[in-house]
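The structure under discussion appears below in the form of structure tokens.
Laboratory data are not the source of any read-out in this text; all were calculated from the coordinates shown. Everything numeric here is computed off the predicted structure, so don't read it as measured data. Reconstructed Cβ throughout: ideal geometry from the backbone, glycine too, with neighbour counts over all protein chains shown.
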Amino acid sequence: MEAGLADVHTHFLPRALARALEGRDGFPRIERSGGTAYIHYGPGSGHPLLAEMERLDIRLADMDRQGIDVAVLCVTVPGVDAFAGPDGVAVAREANDELAEITRAGGGRIHALAVVPCQAPEAAAAELARAVALGLRGAAVFSNVGGTPLDAPGTEVLFDTAAELDVPLLVHPTFPLCATALDAYALIPTLGFLVDTTTAVLRLILGGLYERHPDFKLVVPHTASLIPWLVGRIDYEGERMPGGYGSLSEPPSVHIRRLYADIVSDFTPAVRLLVGLLGPERVMYGSDYPFWDPDRTTRVLADAGLAPEDAERVRRGTATALFGLDAAPGPPAR
């Protein structure tokens, strides 16, 4: 009998973050209208607050129906990056305590990535270390930090700490820096999120992340965003243009192949391209629940025509190794 899936891309909104967002006037915020709550990331971007994002009982029931054995929770956009430094640190700490308690009560089926206050890098690094000690499996960061690039000066301490702890960082899109050019036809989620993630990851790579930490565990969702489609152009233009290689002494594609990615997609050729670029040992199943129907990702994986052993790595094996999904949950928070 085929083993169930490991889903590395399930969105969740801790109560601590929901309370903090409901108290805000500007973006991002949660507001209620006619009995419905909405999360607003920025002008022209947001969605209703779905019960599936807050209730683990619904998620667990859906996992049973969808053939998913284990899920890794990722705190949903907008995280804590828009809060003033001390407020962001406090909300992140409370949210991570909540996530740690959920994982302890999850019977081995629920794991989680920490939320960290990237607007305060030293505090973010310290919170990552604390959250990992509680049993969280790494952290999710966003493609920009309240409008500031993810690789802004001073952020190295967070990446250095993740490398020292040997835990993954997942770069998830947020309200994009290019939003004003894309505020029509749903182009913010269709294109803007991917442009922002691709930009953030390439800046990290070209800035020397893998030069400093060759084994860094950087995870890029949505079939590694736009990167697989651009990798040849990145190498070519990087060699042709002054400064195109950044701090690298070899083609960027060498470093790109060290990324991890999930297969959230509704396009089978994208999954084949991703596995061909990174190898199945760096590719994982993800659902983007509850925004996407997990059956879409399951279908494209089945249609990709991977060898059985490679498909099993994508279904479960890679995620289990990367996130330590067989490890026991951590101690209670203090």
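Measuring max minus min along each principal axis, the C-alpha atoms of the stretch 269-315 give extents of 27, 18, 16 Å (largest first). A straight line joining the Cα centroids of the stretch 118-159 and the stretch 230-270 runs 24 Å.
Panel values: the stretch 194-334, Kirkwood radius from alpha carbon pairs, Stokes-Einstein at 10 °C and 1.306 mPa s, translational diffusion coefficient 99 µm²/s. A protection proxy built from the mean count of other Cβ atoms within 10 Å ranks the segments 138-145, 235-242, most packed first, as 138-145, 235-242. Spacing of the modelled spin labels on residue 291 and residue 184, each 7 Å from Cα toward Cβ, amounts to 2.3 nm. Think of it as helices only: each DSSP H run of n ≥ 4 in the chain is worth -39500 (n - 2.57), and spread over all residues that comes to -11500 deg cm²/dmol at 222 nm.
Fully extending the segment from residue 22 to residue 233, taken as 0.36 nm per residue of separation minus the present Cα-Cα distance, adds 71.6 nm.
Look at where the Cα atoms of the stretch 49-115 and of the stretch 191-209 average out, and the two centres are 25 Å apart. Pairwise alpha-carbon distances in the stretch 25-66 exceed 14 Å for 56% of all pairs. The relative contact order of the stretch 147-297, computed from alpha carbon pairs under 8 Å that lie at least 6 residues apart in sequence, is 20 percent.
I'm a student and want to see the number: the projected area of the Cα convex hull of the stretch 220-294, averaged over all directions, in nm². Over every viewing direction, the Cα hull of the stretch 220-294 projects on average to 5.4 nm².
Contact order for the chain, expressed relative to its length and based on alpha carbon pairs under 8 Å spaced 6+ residues apart, stands at 18 percent. Within the shell of other residues whose beta carbon sits under 14 angstrom from the beta carbon of residue 220, the net charge comes to +2, with Lys and Arg scored +1 and Asp and Glu -1.
Given all pairs of different Cα atoms, what value in angstroms does the Kirkwood hydrodynamic radius of the chain take?
After inverting the mean inverse Cα-Cα distance, the result is 20.0 Å.
One quarter of the convex hull surface built on the alpha carbon atoms of the stretch 123-190 amounts to 5.3 nm², the projected area averaged over directions. Equivalent-ellipsoid semi-axes for the stretch 84-213 (Cα gyration tensor, √(5λ), whole Å, largest first): 25, 18, 14. Note on the stretch 1-70: Cα convex hull, mean projected area over all directions, 6.0 nm². Put a dot 7 Å past the Cα of residue 84, heading toward its Cβ, do the same for residue 32, and the two dots end up 2.6 nm apart. Taking label positions 7 Å along the Cα-Cβ direction at both residue 272 and residue 60, the computed distance is 4.0 nm, reported to one decimal. For the stretch 1-129, the spread of Cα positions along the three principal axes, ordered from largest to smallest, is 51, 40, 22 Å. With only Cα atoms counted, the stretch 57-159 has Rg and Dmax values of 14.4, 45 Å.
Here the scattering of the stretch 162-272 is modelled by Debye summation over its C-alpha atoms, one equal scatterer each and no solvent; at q = 0.14 Å⁻¹ the log10 of I(q)/I(0) is -0.60. In plain terms, the residue of 174, 161, 180 with the fewest other Cβ atoms within 10 Å comes first and the most crowded comes last, giving 180, 161, 174. Taking other Cβ atoms within 10 Å as a rough exposure proxy, 65, 109, 93 sort from fewest to most as 65, 109, 93.
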